[in-house]
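**Q** One structure, pasted below without further comment.
The values are calculated or read from the model by the stated rules, or taken from the named source; none is laboratory data. Small disclaimer: the values here were computed from a predicted structure and weren't measured. Cβ placement follows ideal geometry from the backbone for every residue including glycine, while neighbour counts extend to all protein chains displayed. We work out accessible area using only protein heavy atoms, side chains counted, and drop any ligands, DNA or RNA first. Shrake-Rupley method; radii C 1.70, N 1.55, O 1.52, S 1.80 Å.
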Amino acid sequence: MKEAGVIRVSQVYSQPPAKVWRALTEPVLVARWWAPGDIRAEVGHRFEMDMGQWGKQRCEVLAVEPERLFRIQFALNTTITWTLVSEGTGTRLELTHEGFDLDSPMGRRAFEGMKPGWPGVLARIAPVAEEL
């Protein structure tokens with residue numbers, strides 16, 4: 001049986017869900033904290049994210065609940081889900097990146113690289129959302 005990897009990261013922002021949502025779903029903003037790509041909050045939308053040294057990754061939007069949930073199909077047949085929860089005047093963002101095939105060398109390398117990487121990536125959302 002294949003072993004599947006799951007990454008879970010939680011980050012709290014002082015900005016309300018509407019601002020964090022914009023940072024997750026507007027291409028010019030996503031490019032500032034993660035990577036360039038024609039992302040948008042529309043189920044079925046297909047786009048590419050330019051992940052620099054890792055190349056352009058084909059993606060597809062799987063689920064959208066404005067200011068609450070955004071899910072995309074990502075590299076290596078993995079899925080990234082961002083869930084936003086109001087917390088006081090701010091937002092708790094729960095990221096789940098799942099579907100890594102830990103039985104494949106490429107899947108395991110991606111998992112081992114992204115697991116420690118996601119907290120730093122998510123921390124870069126705060127200054128982008130603060131400017132909105």
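**Q** How many residues does region 62-103 hold that are closer than 24 Å to P16 by Cα and of a type outside the set (S, T, Y)?
**A** Total satisfying the criteria: 23.
**Q** Mind listing whichever residues of region 102-127 are within 15 Å of the chain's Cα centre (by Cα), in contact (Cβ under 8 Å) with a residue 12 or more places away in the chain and assigned to a helix (DSSP H, G or I)?
**A** A110, F111, M114, K115, W118, P119, V121, L122, A123, I125, A126 - these are the residues of region 102-127 that are within 15 Å of the chain's Cα centre (by Cα), in contact (Cβ under 8 Å) with a residue 12 or more places away in the chain and assigned to a helix (DSSP H, G or I).
**Q** What number of residues in region 52-82 are under 10 Å from the mean Cα position of the chain (by Cα) and of a type in the set (S, T, Y)?
**A** Qualifying residue count for the region: 2.
**Q** Could you give me the residue pairs with C-beta distances under 7 Å whose first residue belongs to region 76-94 and is touching a residue at least 40 places away in the same chain (Cβ under 8 Å) and small (G, A, S), whose second residue is surrounded by fewer than 16 Cβ atoms within 10 Å (Cβ to Cβ) and part of a strand (DSSP E or B) wherever it lies, and which are 6+ apart or on separate chains?
**A** From region 76-94, the pairs are G90/V12.
**Q** Out of region 21-41, which residues are aliphatic (A, V, I, L, M) and either surrounded by 15 or more Cβ atoms within 10 Å (Cβ to Cβ) or assigned to a loop (DSSP other than H, G, I, E, B) (or both)?
**A** The first filter runs over region 21-41 and keeps only residues aliphatic (A, V, I, L, M), leaving 23-24, 28-31, 35, 39, 41.
Of everything in region 21-41, those that are aliphatic (A, V, I, L, M) and either surrounded by 15 or more Cβ atoms within 10 Å (Cβ to Cβ) or assigned to a loop (DSSP other than H, G, I, E, B) (or both) turn out to be A23, L24, L29, V30, A31, A35, I39, A41.
**Q** Are any residues in region 82-108 among the hydroxyl-bearing types (S, T, Y), open to solvent by 10 Å² or more (accessible area, probe 1.4 Å) and in contact with a Leu (Cβ under 8 Å, 6 or more places away or on another chain), and if so, which ones?
**A** Passing the criteria: only T83.
**Q** Right, something else. Any residue at all in region 42-52 that is closer than 24 Å to S14 by Cα, surrounded by fewer than 15 Cβ atoms within 10 Å (Cβ to Cβ) and at pLDDT 95 or above? So that I can check it myself, show each step before the final result.
**A** So the first thing to find is which residues in region 42-52 are closer than 24 Å to S14 by Cα, and the list is none.
No, region 42-52 has no match at all.
**Q** Quick check on region 56-66. Is at least one of its residues within 19 Å of V28 (Cβ to Cβ), in a strand (DSSP E or B) and open to solvent by 70 Å² or more (accessible area, probe 1.4 Å)?
**A** Restricting attention to region 56-66, the residues satisfying the condition of being within 19 Å of V28 (Cβ to Cβ) are 56-57, 59, 61, 64, 66.
If we keep only those that are in a strand (DSSP E or B) too, we end up with 56-57, 59, 61, 64.
Going one step further and asking which of them are open to solvent by 70 Å² or more (accessible area, probe 1.4 Å), we end up with 56.
Scanning region 56-66, I find at least one residue that is within 19 Å of V28 (Cβ to Cβ), in a strand (DSSP E or B) and open to solvent by 70 Å² or more (accessible area, probe 1.4 Å), so the answer is yes.
**Q** Further question: Pairs needed: first member in region 21-47, aliphatic (A, V, I, L, M); second member anywhere, open to solvent by less than 80 Å² (accessible area, probe 1.4 Å) and in a loop (DSSP other than H, G, I, E, B); C-beta distance under 6 Å; at least 6 residues apart or different chains.
**A** Going by the 6 Å Cβ cut-off, the qualifying pairs are V30/I39; A35/M51.
**Q** State all residues of region 6-20 that are more than 21 Å from G90 (Cα to Cα) and either open to solvent by 10 Å² or more (accessible area, probe 1.4 Å) or of a type in the set (K, R) (or both); if no residue qualifies, say none.
**A** Step one: list which residues in region 6-20 are more than 21 Å from G90 (Cα to Cα), which gives 6-7.
The one that is more than 21 Å from G90 (Cα to Cα) and either open to solvent by 10 Å² or more (accessible area, probe 1.4 Å) or of a type in the set (K, R) (or both): V6.
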